[in-house]
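S.K.: Sending over a structure as structure tokens; questions will come in a sec.
The values are calculated or read from the model by the stated rules, or taken from the named source; none is laboratory data. Source: prediction; values computed, not measured. When we count neighbours, we look across all protein chains shown, and the Cβ atoms used for this are built from the backbone with ideal geometry, even at glycine. Each accessible area value is taken on the protein alone, full model and side chains, heavy atoms only, with ligands, DNA and RNA left out. Shrake-Rupley method; radii C 1.70, N 1.55, O 1.52, S 1.80 Å.
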Amino acid sequence: MKLLRHGPVGNEKPGALDARGTVRDLSLLVPDFTPEWLAPDKLRALAAIDLLRMPIVPAGERLGTPVSGIRQFIAIGLNYRKHAEEAGLEIPKEPVVFTKALTSIAGPNDDVTLPSGSEAGDWEIELAFVVGTRAKNVSVDQALSHVAGYCLANDVSERDWQIKRNGQWGKGKSFDGFGPLGPWLVTCDELPDPQNIPLELAVSGEVRQRSNTSDMIFPVANILSYLSAFMTLLPGDVVITGTPAGVGLGMKPPQFLRRGDVMSLSAGPLGTQRQRVV
């Protein structure tokens, strides 16, 4: 299934995309896509719903994040070889881990507001996975069984705050709206292999990033297993898995976001995003 949430900020309702590409409302059957609804038995119950009998959501209604009640927002850095090279950093021997503030999470098409005085706003298209069942000390072989599904993410960054403000990367990654997710969560029964998803990001019509998740240094299964060795992953946790080459910081000379720019992201079955920079 492709699960989503629609409606104004703070009042989103659960929904799903039917086989015809029409958004259907599920709020008569489900209160919200909270962490408990990501368990395997709940996802099987959702898959049994006849979507064609559910109400149609009006075209153009805002989409929110595909899940609610997220408790941890975890990110992996430098997970594509060419991106590490363009950043002038060594290829990591283990996953680089940092966190983004929960308040950075936004809908897939919400505006991105640059902080006051920002001169180094940047884009990063990424694959995100959402944890479905509690994971602690999980083997690589069992890791994907703990994933509820996958969605598209943009790890928006402010490079001056990330690099020059004397701290960890989270400083430049955690401004409000710097974590767009969605438009929907593709459950694992529909997407069993997360390592073959095309990724493309354009800024105001100019393609900046084009790659595939097959190029990741650490695949999803390895990332989940690695994280679970030193922290317990909870249902509903979101992990974004790194960005390919083509970020503004890596260009010569660097090019950064300006107010009025539009970021357009696409990722095959994961859908598309579009954010206006304000």
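S.K.: From A16, A84, A45, which residue is more than 19 Å from L185 (Cβ to Cβ) and not in a loop (DSSP other than H, G, I, E, B)?
M.R.: A84
S.K.: Would you confirm whether or not segment 112-122 contains a residue that is open to solvent by 70 Å² or more (accessible area, probe 1.4 Å) and either aromatic (F, W, Y) or without any contact (Cβ under 8 Å) to a residue 24 or more places away in the chain (or both)?
M.R.: Yes, segment 112-122 contains at least one residue that is open to solvent by 70 Å² or more (accessible area, probe 1.4 Å) and either aromatic (F, W, Y) or without any contact (Cβ under 8 Å) to a residue 24 or more places away in the chain (or both).
S.K.: Check L3 against each of (1) free of Cβ contacts under 8 Å to residues at least 60 places away in the same chain; (2) touching a Ser or Thr at 6+ places or on another chain (Cβ under 8 Å); (3) open to solvent by less than 50 Å² (accessible area, probe 1.4 Å) and name the one condition it does not meet.
M.R.: Among (1) free of Cβ contacts under 8 Å to residues at least 60 places away in the same chain; (2) touching a Ser or Thr at 6+ places or on another chain (Cβ under 8 Å); (3) open to solvent by less than 50 Å² (accessible area, probe 1.4 Å), the lone unmet condition for L3 is (1).
S.K.: Considering P66, P40, P35, P95, which residue is at pLDDT 95 or above, touching a helix residue (DSSP H, G or I) at 6+ places or on another chain (Cβ under 6 Å), open to solvent by less than 80 Å² (accessible area, probe 1.4 Å) and not hydrophobic (A, V, I, L, M, F, W, C)?
M.R.: It is P95.
S.K.: If you check S139 against the conditions, is it farther than 20 Å from N196 by Cα, surrounded by fewer than 15 Cβ atoms within 10 Å (Cβ to Cβ), at pLDDT below 95 and not basic (K, R)?
M.R.: Here the answer is no, as S139 does not meet what is asked.
S.K.: Of the residues R71, R24, which single one is part of a loop (DSSP other than H, G, I, E, B), surrounded by 13 or more Cβ atoms within 10 Å (Cβ to Cβ) and of a type in the set (K, R)?
M.R.: Sole residue among the options that is part of a loop (DSSP other than H, G, I, E, B), surrounded by 13 or more Cβ atoms within 10 Å (Cβ to Cβ) and of a type in the set (K, R): R71.
S.K.: If you check T133 against the conditions, is it surrounded by fewer than 16 Cβ atoms within 10 Å (Cβ to Cβ) and not small (G, A, S)?
M.R.: So T133 does not fit the description; no.
S.K.: May I ask you to say which residue of L102, L127, L89, L78 is open to solvent by less than 10 Å² (accessible area, probe 1.4 Å) and either touching a Cys at 6+ places or on another chain (Cβ under 7 Å) or not hydroxyl-bearing (S, T, Y) (or both)?
M.R.: Going through L102, L127, L89, L78 in turn, the sole match is L127.
S.K.: Shifting gears a bit: Would you mind stating whether N154 is closer than 29 Å to A48 by Cα and either of a type outside the set (A, V, I, L, M, F, W, C) or open to solvent by 40 Å² or more (accessible area, probe 1.4 Å) (or both)?
M.R.: When the stated conditions are applied, N154 does not pass them.
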